[in-house]
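*Asks:* My questions will all concern the structure given below.
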Amino acid sequence: MEKDQSAIFSLLETLKSGDTAAFGDLAAMYEPLIAKQVEKYAAGVFKAEIDDLRQTALLALWRAAQSFDLTQSDVTFGLYAQICIANALNSELRVLRQSYTVAASEMSGVSESDDGAGDPSRFVAERESAEALFAFVRSQLSPFENTVWTMRVAGLSAKEIAKALGKEPHSIENAVYRIHSKLRRALREDR
C-alpha cells in the first residue's frame, strides 16, 4: 500500500516549508489508512466519539508529517504515520476511558471504592452518564468550537491547534474563552 515516496517527500517538504494546504493532499493520500485505523479502534466506543477518533488520527498524521525525518531512509513515511496514528488513538482511548469513569462517578456521586464497583449494570449506567455529559457539552458549542474543544482536551496547545486548522493562534484562544464561558453558563443554568 506504500505510496510513491518521491510524491510524499515532495508534499512533506512543501508542508514543512509552511504551505499548510499540502496537508489536504497528504490527508487525501492517507485517507484509507486513517479510515482503517479509526475503524480498528472504534470498537466499543460510543458512536459520538468516532468523529473525535478521526480528528485524533488526522492530528497524528499532521504531527507525523511535521516530525518525519526526510534525511533517513530506514522507515517509510507510511509506516511512520501508521505508528503515530496508532499511538495517538491508543492515547485517546485511554483518555476517553478515564473521562467516562471520572464523569460518571462525579455525576452519580459514587466513588470507585464504593461497593458494587464490579457490577456490570453500574458500568453501563456510568457509560450512559458519561455519554450524556459529552453530548451536553457538544450541544452547547458550534462545530468550530467542538473541533477546538476536542483538540484542546487531547492536549494540544492553542498554537498547535491554530497550525492544524490553518487559523491564527488568537482565533483559537478566543474560541477557548468562548467555550469556557458557554460551558460555565450552561452548567449554571442546568442546576
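*Asks:* Which length gain, in nm to one decimal place, applies between H170 and I50 when the Cα-Cα distance is subtracted from 0.36 nm times their residue separation? Walk me through the numbers before you get to the answer.
*Replies:* On the way: separation 120, 0.36 × 120 = 43.20 nm, distance 2.83 nm.
Taking 0.36 nm per residue and subtracting the Cα distance, the gain is 40.4 nm.
*Asks:* Is there a quick way to get the dipole size of the range 141-191? I mean about its Cα centre, with the Cβ of Lys and Arg at +1 and of Asp and Glu at -1; what is the value in debye to the nearest 20?
*Replies:* Details: 10 positive and 6 negative charges, 31 e Å.
Approximately 140 debye in magnitude.
*Asks:* Between I83 and A7, what is the label-point separation in nm under the 7 Å Cα-to-beta-carbon projection?
*Replies:* 2.5 nm
*Asks:* What are the ³J(HN,Hα) couplings of the range 72-80, residue after residue, when phi is run through the Karplus curve with 6.51, -1.76, 1.60 and θ = phi - 60°? Round to Hz, x for glycine and proline.
*Replies:* 8, 10, 7, 10, 6, 5, x, 5, 4
*Asks:* Starting from the Cα of A42, step 7 Å along the direction of its Cβ; do the same at S139; then give the gap between the two resulting points in nm.
*Replies:* With each label placed 7 Å out from Cα toward Cβ, I get 2.4 nm.
*Asks:* Label N90 and R185 with points 7 Å out from Cα along Cα→Cβ: what is the distance between them in nm?
*Replies:* It is 4.2 nm.
Only the coordinates and a few stated rules stand behind these numbers; no lab work does. In this text, all values refer to a predicted model and were calculated from it rather than measured experimentally. Positions of Cβ are generated from backbone atoms using ideal geometry, with glycine treated the same way; all protein chains shown enter the neighbour counts.
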